[in-house]
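Undergrad: Encoded as structure tokens, here's the structure I'll be asking about.
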Amino acid sequence: MVELSRTGQRGIEDTVLDAAGDCVLAYGVRRTTVTDVARRAGVSRMTVYRRWPDVQSMIGDLMTREWQRVLLATAADEGDGHARSRLVARVVAGARVMREHPLLCKIRDVDPEVLIPYLFDRRGAGQEDMLRFLVAAVADGAADGSVRPGDAEVIARMVFLTTQSFVLSARTVVDGVSFASFDRELARLVDGYLRPD
């Protein structure tokens, strides 16, 4: 997300991104237009175009903002204990919030092609933020002895890939199994992977 120098500009950016989110929830990504977003935000189309060249870049910033908010919101789920238990709690909470996030659900259900580049070709800014968090958390766990030794970057990426599948693919295998059961299994999986021998 572009950092703006003045508070008023930051307020306008958030207002526009809020409006973009409302439009995506109402119409989907493909049917959302700059005109729709500007109208809903109560700003001119030029105000929008000064910040984003097109709807796709605006939606990219919206997703980044929302995934950053998930990271911040799950901090309260860490609880006490060693770094591994805090990391596992936050990963499971983050997976649950992401799996139920209205924006992600709408995109997955209506415009799944929006997610394809982030699954096969490149990481988005929100994914980068999540990886940075995981690398730091794995390093903290290695430092306090609760996470096995190893390359924190590689370990974090494996946790990320595993969690991403729980977020995006769980519906394909849920068949009468509760999501709470999947969350418990994700906790066991990540905890076992990180646990020292």
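Undergrad: Roughly what would the spin-label model give for C105 and S165, points 7 Å off Cα along C-beta, in nm?
TA: 2.4
Undergrad: Okay, moving on. What are the ³J(HN,Hα) values, in whole Hz, obtained from phi via the Karplus relation 6.51 cos²θ - 1.76 cosθ + 1.60 with θ = phi - 60°, for each residue of segment 162-178 in sequence order, with x given for Gly and Pro?
TA: Rounded to whole hertz, the list is 4, 5, 4, 5, 5, 6, 8, 10, 4, 4, 6, 10, 5, 4, x, 9, 6.
Undergrad: Can I ask one more? Debye sum, Cα scatterers, the chain, no solvent: what log₁₀ I/I(0) at q = 0.12, 0.15, 0.18 1/Å?
TA: -0.66, -0.95, -1.19
Undergrad: Please return the longest stretch of the chain lacking exposed loop sites, where trypsin sites (Lys or Arg not before Pro) count only if DSSP places them in a loop and at most 10 other Cβ atoms lie within 10 Å.
TA: With trypsin sites (Lys or Arg not before Pro) excluded where exposed in loops, the chain gives 7-121 as its longest stretch.
Undergrad: Mind checking the per residue accessible area of segment 96-197 for me, 1.4 Å probe, whole number of Å²? Please list the in-between numbers first.
TA: Details: 5580 Å² over 102 residues.
Per residue, segment 96-197 has an accessible area of 55 Å².
Undergrad: Right, next: Would you mind telling me the share, in percent, of accessible area of segment 1-145 contributed by carbon and sulfur at probe 1.4 angstrom?
TA: Percent of accessible area from carbon and sulfur atoms in segment 1-145: 53.
Undergrad: Could I ask something else about it? For the chain, what does the helix formula give at 222 nm: sum of -39500 (n - 2.57) over DSSP H segments with n ≥ 4, over the residue count, nearest 500 deg cm²/dmol?
TA: Values: 10 runs with 141 residues, N = 197.
One gets -23000 deg cm²/dmol as the mean residue ellipticity at 222 nm.
Undergrad: Please list, in order along segment 55-61, the HN-Hα scalar couplings obtained from phi with the Karplus expression 6.51 cos²θ - 1.76 cosθ + 1.60 (θ = phi - 60°), rounded to whole Hz, x for Gly and Pro.
TA: 5, 4, 5, 5, 5, x, 5
Undergrad: Apply the Karplus curve 6.51 cos²θ - 1.76 cosθ + 1.60, θ = phi - 60°, to the phi angles in segment 78-87 and return the couplings in whole Hz, x for Gly and Pro.
TA: Values, residue by residue: 4, x, 9, x, 6, 4, 5, 5, 5, 5 Hz.
Undergrad: Using only the heavy atoms of the protein chains and a 1.4 Å probe, how would E66, E13 rank by accessible area, largest first?
TA: Details: E66 25, E13 5 Å².
Output order, biggest surface exposure first: E66, E13.
The values are calculated or read from the model by the stated rules, or taken from the named source; none is laboratory data. These numbers were taken from a predicted model, which means no experiment stands behind them. No Cβ is skipped: glycine too gets one built from the backbone with ideal geometry, and neighbour counts run over all protein chains shown. With ligands, DNA and RNA removed, areas are computed over all heavy atoms of the protein, side chains included. Shrake-Rupley method; radii C 1.70, N 1.55, O 1.52, S 1.80 Å.
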